[in-house]
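Structure record follows, encoded as structure tokens.
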Amino acid sequence: MKTFIQLWKRKIKRITANVGIIEPIHGSFKEIEFETTTYCNRKCEYCPDSKFERVGAEDGRYMKEEVFEKLLKDLSVMGFKGMIAPHLYGEPLTDPRLVDWMARIRKILPHAIIKIVTNGDYLNENKYTELINAGADYFCVSKHSPELPQGVVSILNKLNEREQLKKMRILDYYEDYRNKQAMLNTRGGDIHLKKKLKHPVCCQYVLYPVVNTFGDVILCCNDFHSRYVSGNIMDRPLLEIWQDPKNINLRTRIYKGRFDLPICQNCWL
């Protein structure tokens, strides 16, 4: 019965998307991800970073200051109030500029929601306090080992239940990979999973921009190799790139389940 209901839900979502009842592509966006650094200290087997070099050139390891400032300027002009997360495949806490940059975001975008996604290896009570004081709203800790890092455990022990729910979210990818694989996907074909998966319906990944260290607006968070670039924010304003007719057409087709690109054809959730 559960499988039957799930199939019908997928079918209804696909129909409503194709007839235009649901049309979230046009207009602005409510969240954005940008990568301050491509370096990650972990090489998890369910991440492309374990198989491929992130950028290849040393010059691309860190986002340059001028790219970051241009991103903030573009978001400020928009009056952005959505969620902003400084991550992609790199571990943001390895970037020594992170606290200062989060404070800069809070100053320029006072109504934005700042989410820090981290594996927790470099997170401790001092760093947590620094980032919270700088303006971070909450942390999303990805667990990639049998136990949480000690620094994360120490933070959780200091927070009451209400604070934990508000400030810390734990996603256990370690157990998920070994059991249900419910939270993982094939990353556009770079990762093989044992679980029988399906193509996404009304793909949520095309609803928000992802900016790599060079300032390229790439297709989505699964575009590890930055093969599908719709523009660079140093050349054009972010919103102009996002609302470009070619970009809108591509994202609309993906949202409706028309997977023209190899990365989408190999994406299983």
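The values are calculated or read from the model by the stated rules, or taken from the named source; none is laboratory data. Here the structure is a predicted model, which is why all the values come from computation and not from measurement. Here Cβ is always computed from backbone atoms with ideal geometry, including for glycine, and neighbour counts include all displayed protein chains. With ligands, DNA and RNA removed, areas are computed over all heavy atoms of the protein, side chains included. Shrake-Rupley method; radii C 1.70, N 1.55, O 1.52, S 1.80 Å.
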I'd like to check something: does region 217-225 contain any residue that is more than 17 Å from residue 261 (Cα to Cα) and either surrounded by fewer than 21 Cβ atoms within 10 Å (Cβ to Cβ) or aliphatic (A, V, I, L, M) (or both)? no
Of everything in region 210-225, what is among the acidic types (Asp, Glu) and either in a strand (DSSP E or B) or touching a Ser or Thr at 6+ places or on another chain (Cβ under 6 Å) (or both)? Give them in sequence order. 216
Of the listed residues (141, 206, 211), the one being in contact with a Phe, Trp or Tyr (Cβ under 6 Å, 6 or more places away or on another chain), under 21 Å from residue 38 (Cβ atoms) and open to solvent by less than 20 Å² (accessible area, probe 1.4 Å) is 211
Conditions first: (1) within 30 Å of residue 67 (Cβ to Cβ); (2) in a helix (DSSP H, G or I); (3) open to solvent by 50 Å² or more (accessible area, probe 1.4 Å). Residue 162 passes all but one, so which condition is the exception? (1)
Looking at region 227-239 only, could you name the residues that are under 21 Å from residue 266 (Cβ atoms) and without any contact (Cβ under 8 Å) to a residue 24 or more places away in the chain? 229, 230
Considering region 109-125, residues that are open to solvent by 50 Å² or more (accessible area, probe 1.4 Å) and in contact with a helix residue (DSSP H, G or I) (Cβ under 8 Å, 6 or more places away or on another chain), and then whichever is farthest from residue 42 (Cα to Cα), we arrive at 125
Which residues, counting only those in region 154-174, are hydrophobic (A, V, I, L, M, F, W, C) and within 24 Å of the chain's Cα centre (by Cα)? 155, 156, 165, 168, 170, 171
Do you know which of the residues in region 46-55 that are of a type outside the set (D, E, K, R) and either free of Cβ contacts under 8 Å to residues at least 24 places away in the same chain or closer than 13 Å to residue 190 by Cβ (or both) is least open to solvent (accessible area, probe 1.4 Å)? 48
(1) in contact with a strand residue (DSSP E or B) (Cβ under 7 Å, 6 or more places away or on another chain); (2) touching a residue at least 60 places away in the same chain (Cβ under 8 Å); (3) open to solvent by 70 Å² or more (accessible area, probe 1.4 Å): which one isn't true of residue 268, the others all being true? (1)
Has region 35-45 got any residue that is more than 29 Å from residue 157 (Cβ to Cβ), outside any loop (DSSP other than H, G, I, E, B) and open to solvent by 10 Å² or more (accessible area, probe 1.4 Å)? no
Looking only at residues in region 75-90 that are surrounded by 21 or more Cβ atoms within 10 Å (Cβ to Cβ) and more than 12 Å from the chain's Cα centre (by Cα), which one is nearest to residue 233 (Cα to Cα)? 75
Is there a residue in region 123-137 that is out of contact with any strand residue (DSSP E or B) (no Cβ under 9 Å at 6 or more places or on another chain), in contact (Cβ under 8 Å) with a residue 24 or more places away in the chain and outside any helix (DSSP H, G or I)? yes
